[in-house]
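Student: Questions regarding the structure given below will be posed in turn.
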Amino acid sequence: MVFKRRKPLSILQWVREGILPRAGWRRVVEYLVHRLRRLPDSPHKISLGIACGVFTSFSPFFGLHIIVAMGLAWILRGNVLASAIGTFFGNPITFPFIAYISLEVGRWLTGAGGTSDFGVIARSFANAAEGVWLTTKSFFGYGPSSWDRLAAFFYDLFLPYLIGGIIPGLIGGVLAYYLSRPLVRAYQTRRREKKLKRIAARTAAKQRIANVNQQTD
């Protein structure tokens, strides 16, 4: 594989890279913008893909955002790669705000109670992941299941987060679509014009060489 690391990152290094990338967040953003500029698709499909990624960032499917966004973009006929890039809207800097907004809206809609502290939310998701692992092991006879833990997590946190993330996710997705579409169109138009100018310049250079050769003959 072309982009495979020679030495895989440890879990601690992977977490650190997610919070504080070695190259800095500015380089990460520049790389994502560069990738978006190179996508060979219409402005509508690229912007729709970005919108799918932003929308998915407001969902509680942590660890699966890219997969969910790509599936949603495929269903809506958006650009799948752009949707994966759009999920970077949800990052360690924005997640505390996303979680707070989604949970507050979800608890308002469902009438559920609980805290919106991001530290508590992160620990709850970590405990739920452990519960899934323990329950999976119990199917094969290794220890007790954790259905009680998972049921409480689902009704107290996951469901309000899922429901509450729909409205702000739609708002964020719509804004992302209408903000990115003219930018993508303008860049593609400028890039196309530059390409045509290069072709015209090469054609003119070849013609001049041909005229010189004819005069020499």
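The values are calculated or read from the model by the stated rules, or taken from the named source; none is laboratory data. Predicted model, so just to flag it, every value in this text is computed and none were measured. When we count neighbours, we look across all protein chains shown, and the Cβ atoms used for this are built from the backbone with ideal geometry, even at glycine. Surface accessibility is based on the protein's heavy atoms, side chains included, excluding ligands, DNA and RNA. Shrake-Rupley method; radii C 1.70, N 1.55, O 1.52, S 1.80 Å.
Student: Could you list which residues have their amide H under 5 Å from that of F62, counting only those 5 or more apart in sequence or on another chain, with H placed in the peptide plane?
Tutor: When sequence neighbours closer than 5 places are left aside, there are no close amide H contacts.
Student: Within segment 75-133, which trypsin sites (Lys or Arg not before Pro) sit in a loop by DSSP and count at most 12 neighbouring Cβ atoms inside 10 Å?
Tutor: R77
Student: Between L76 and A126, what is 0.36 nm times their sequence separation minus the Cα-Cα distance? Round to one decimal in nm. The partial results should precede the final answer.
Tutor: Numbers: separation 50, 0.36 × 50 = 18.00 nm, distance 3.17 nm.
Value of the extension gain: 14.8 nm.
Student: Roll a 1.4 Å probe over the protein chains and send me the accessible area per residue for segment 40-106 in Å².
Tutor: Result: 45 Å² of accessible area for each residue.
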